[in-house]
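Reviewing the structure listed below.
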Amino acid sequence: MSFTTSNSEISGITIAVPKKKIVNPNKSKADINFIKHTGVKSLYSNAQLNTSTLCINAAEKLIKKLRWNKNKIGFLIFVSQTRDHILPLTSCKIQKQLKLSEQILVLDLPMGCTGFVNGLYLSFLLSKNLKKNGLLLCGDVVSKLIEKKDTKLKSLFGDCASAVGIKFNSKSKDINTFDFGTDGGGFEDLIYKSSGLNSHLDKNYLKMNGAKIFEFALNKVPEQIKKLLKTRKKQLDEIRYIIFHQANKFLIKNLVAKIGLDKKKILYSIDKYGNTNSASIPLTIFHHCNKVKNKNILISGFGVGLTWSSALIKINKLKINKIIKI
């Protein structure tokens with residue numbers, strides 16, 4: 001399904017990560033092959049942190065940078081697979097700690113790899129309809145879900161949160177186009193087998209069928225991107241940069257080859273931060289902010305669900321802070 005939005009834009013991004021930096025070893029042949037395959041040289045991790053802590057710190061800095069009046073922020077969307085609680089909404093907790101107005105719409109969106117793209121679409125819609133600015137907070141402390149002896153996943157997934165300012169701009173003529181896909185038939189290919197209510201019965205950990213995720217992404221993402229370009233009547237050479245969900249470098253390189261993209265247009269952040277789930281796309285925009293300012297870019301998320309979401313968006317002026325380490 002393809003949809004368009006207007007009169008809303010990304011005005012700023014702030015990133016927060018744990019202080020603890022983990023550098024992947026590169027001594028053995030297996031170490032070198034892992035880094036070559038995934039692209040992950042280092043990441044940040046701290047299973048003791050709550051996702052809300054990272055998001056709140058990022059949001060506070062962002063609001064200050066944008067010089068926004070907290071009482072005029074109209075909505076807050078919190079995208080995470082590691083929410084602080086099943087209930088109440090973690091977004092309610094964040095609203096209170098940020099001291100935002102009680103006259104605000106808050107939502108939790110429990111999504112991962114496609115969470116930023118889906119959350120951005122909802123944010124743009126809310127901003128236009130409410131005629132207000134809002135916050136899109138994406139983050140995960142996925143280290144909470146990984147078994148200690150699972151060295152591969154521990155070396156792939158990083159903890160991170162992003163705070164994205166969504167600005168209502170009635171004068172903007174930019175059109176943003178989104179496309180979404182879902183196939184619940186592959187829900188077990190990336191899963192944490194716990195409702196959060198039965199943790200006293202079983203100790204579950206994150207499980208991933210990498211081969212299935214790879215196959216799914218190569219089948220669905222190229223089709224969606226071609227459809228998106230056709231909808232907007234755009235050619236690939238009109239898109240200045242492309243940012244994929246930072247799943248792993250091998251998968252991204254295969255997507256680039258299959259779609260026929262220019263390698264120079266592909267932006268990465270996975271080498272320094274690992275796979276940061278819903279935060280991976282805004283983190284990559286942040287990391288390359290000087291390149292993407294005033295540019296048309298393509299963003300694409302894919303994975304857990306199984307879901308795949310892509311968008312053609314215009315990035316205008318961005319206000320950013322230095323990365324926060326907690």
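Among the DSSP beta bridges whose two residues both lie in the chain, what percent are antiparallel, rounded to the nearest 5?
Working: 41 of 62 bridges.
For the chain, the DSSP antiparallel bridge percentage is about 65.
For the residues 128, 171, what sequence is obtained by ranking on other C-beta atoms within 10 Å, fewest first?
Working: 128 18, 171 5.
Neighbour counts put them in this order, fewest first: 171, 128.
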Practice item. Please work out the Cα center distance from the range 224-303 to the range 70-97, rounded to the nearest Å. Key: 28
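Estimate the FRET efficiency between residue 317 and residue 70 by the formula 1/(1 + (r/R0)^6), using the beta-carbon distance for r and 35 Å for R0, to the nearest 0.05.
Working: r = 22 Å, r/R0 = 0.62.
Calculated value: 0.95.
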Review point. Pulled fully out, how much extra length does the chain show between residue 183 and residue 152, if you take 0.36 nm times their separation in residues and subtract their Cα-Cα distance?
Key: 8.5 nm
Review point. To the nearest 500 deg cm²/dmol, what mean residue ellipticity at 222 nm is calculated for the chain from DSSP H runs of n ≥ 4 alone, each contributing -39,500 (n - 2.57), summed and divided by the residues?
Key: -9500 deg cm²/dmol
Revision key, fill the gap. For the chain (alpha-carbon point model, no solvent) the Debye-based log₁₀ I(q)/I(0) at q = 0.14 Å⁻¹ works out to -1.08
Exercise for review: Pick out, from 224, 290, 89, the residue whose Cα sits farthest towards the positive end of the charge dipole of the chain, with +1 on the Cβ of Lys and Arg and -1 on the Cβ of Asp and Glu.
Suggested key: 290
Review point. Label point 7 Å out from residue 250 along Cα-to-Cβ: which residues of the range 30-47 have amide N under 11 Å?
Key: 33-39
Check your understanding: Taking neighbour Cβ counts within 10 Å as the exposure measure, how do 44, 273 sort from fewest upward?
Key -> 44, 273
Review point. Straight-line reach from residue 319: which aspartates and glutamates have Cα under 17 Å away, leaving out those fewer than 8 places along the same chain?
Key: 9, 60
Check your understanding: Which value, in debye to the nearest 20, gives the size of the charge dipole of the chain about its Cα centre, when Lys and Arg are +1 and Asp and Glu are -1 at the Cβ?
Key -> 1380
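Where a number appears in this text, it was derived from the coordinates with a stated rule and is not lab data. Predicted model only: the values in this text are computed from it and were never measured. Here the Cβ is made from the backbone with ideal geometry for all residues, glycine too, and neighbour counts use every protein chain on show.
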